[in-house]
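The values are calculated or read from the model by the stated rules, or taken from the named source; none is laboratory data. This is a predicted model, so every value here is computed, not measured. Cβ sites come from the backbone with ideal geometry, for glycine too, and all protein chains shown count toward neighbours.
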Amino acid sequence: MSTRTERLSDLVREEISRLLLREIKDPRIGFVTITGASVSPDLHHVKVFVSVLGEEAAREDSILALRSASGFVQRALFRNLRLKHSPVVTFHLDDSMERGERIERVLRQIREGGETPPEEGE
């Protein structure tokens, strides 16, 4: 990733966080954290990675609400960041925090000499 796209990715992440705090008022959006943004080299596409706390149903509702607000987010990014093109914004669930917590829980049980919990689907 070039320095330009890295800088723009950071700006996009900050702007979307600001939009979520101040302008997007969809009650379906729960406790959402923008964990990252990736801008394509041609600057026409933005992948936004989000982490959502809560039950599975709440996470799904939040992702659906974010996806329905993507047009608003696209226009706001175009206007507020003064871009040449309005990038297509897609939201993706980032479950790396959950995976990290599960790994930490297993490691803690191993250190304590306990039995490791079975994996999902076993």
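Annotations
- For the range 72-96, the candidate set comprises residues that are farther than 13 Å from residue 13 by Cβ and among the aromatic types (Phe, Trp, Tyr); within that set, the residue that is farthest from the chain's Cα centre (by Cα) is 78.
- Applying a threshold of 6 Å to beta carbon distances and a minimum spacing of six or more residues, or different chains, the list of pairs starting in the range 21-35 at a residue that is in contact (Cβ under 8 Å) with a residue 60 or more places away in the chain and of a type outside the set (Ser, Thr, Tyr) and ending at one that is exposed (fewer than 13 other Cβ atoms within 10 Å of the Cβ) and part of a loop (DSSP other than H, G, I, E, B) is empty.
- Taken as a whole, the range 105-118 holds no residue that is at negative phi, touching a Lys or Arg at 6+ places or on another chain (Cβ under 9 Å), at pLDDT 90 or above and not small (Gly, Ala, Ser).
- Of the residues in the range 94-103, none is assigned to a strand (DSSP E or B) and surrounded by 15 or more Cβ atoms within 10 Å (Cβ to Cβ).
- Options 71, 36: the member that is within 17 Å of residue 88 (Cα to Cα), exposed (fewer than 13 other Cβ atoms within 10 Å of the Cβ) and of a type outside the set (D, E, K, R): 71
- Qualifying residue in the range 15-25 (condition: under 14 Å from the mean Cα position of the chain (by Cα), among the acidic types (Asp, Glu) and assigned to a helix (DSSP H, G or I)): yes
- Residue count, the range 52-66 (criterion: surrounded by 18 or more Cβ atoms within 10 Å (Cβ to Cβ) and either outside any helix (DSSP H, G or I) or among the polar types (S, T, N, Q) (or both)): 2
- For residue 59, the criteria (1) basic (Lys, Arg); (2) closer than 16 Å to residue 27 by Cα; (3) at pLDDT 90 or above hold in every case but one, which is (3).
- Selection within the range 41-55 - more than 23 Å from residue 9 (Cβ to Cβ) and more than 15 Å from the chain's Cα centre (by Cα): 55
- Enumeration of residues in the range 19-54 that are of a type in the set (A, V, I, L, M) and on the phi > 0 side of the Ramachandran plot: 43
- The condition of being in contact with a His (Cβ under 8 Å, 6 or more places away or on another chain), among the aliphatic types (A, V, I, L, M) and closer than 13 Å to residue 17 by Cα holds for only one of 39, 50, 88, that being 50.
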